[in-house]
Amino acid sequence: MSTRFTPRVLVLPAALVLTFALSGCALWGLEGGPDAEGAATPPAAATAPPAAAAVQGPDGVQRIEIIVDDELRLTPQVVTARPGRIELTFRNTGLTPHDIALRIPAATGTGNINGSATDTVTVEVTEPGTYPMPCLYHGTSGMRGTLEIR
Ligand SMILES: [Cu+2]
């Protein structure tokens, strides 16, 4: 008389195990869980040394190219220059869009820079100081450069 009941007892635990396994995968997603090398890893600290914007022509404008990438870095992260006109060219070598703000009086930022795109901004800085260049999209992830006027 209990032979009709036995299959149900076996099916229920199997269904619970299957549900648990599937929800476990969905919970961690691509990050892979606590023991995996997941997306929770913060961006690598800047290791590139400061680089100086350089005058390259008769116009006296100091120029430098800054790479922005999918690792949420600016390379170089620290740009040095003398007071005067500085042309900053931001080249996005990745796929992730960025928007670099320039905390410099009277300067505008780049606006959106799509993957593989480039944006050039010229600023005039007369006062020596340290001027932040944060990414408006990834500032909370630490994506920030600095312009040092010496
Ligand atoms: Cu960004």
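The values are calculated or read from the model by the stated rules, or taken from the named source; none is laboratory data. Since this is a predicted model, take the numbers as computed values, not measurements. Note: ideal-geometry Cβ built from the backbone for every residue, glycine included; neighbour counts use all protein chains shown.
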### Task
Just give me the residues in the stretch 78-103 being in contact (Cβ under 8 Å) with a residue 60 or more places away in the chain and among the aliphatic types (A, V, I, L, M), in sequence order.
Val78, Val79, Ala81, Ile86
#### Entry: Residue, farthest from the ligand (Cβ to nearest atom), within the stretch 132-150, restricted to residues that are more than 19 Å from the chain's Cα centre (by Cα) and surrounded by fewer than 19 Cβ atoms within 10 Å (Cβ to Cβ)
Arg150
### Task
Answer yes or no: is there a residue in the stretch 106-128 that is in contact with a Cys (Cβ under 6 Å, 6 or more places away or on another chain), within 15 Å of the ligand (Cβ to nearest atom) and touching a residue at least 40 places away in the same chain (Cβ under 8 Å).
no
### Query
Scanning for something under 18 Å from Ala48 (Cα atoms), at pLDDT 95 or above and of a type in the set (Val, Ile, Thr), does the stretch 108-127 turn up at least one residue?
no
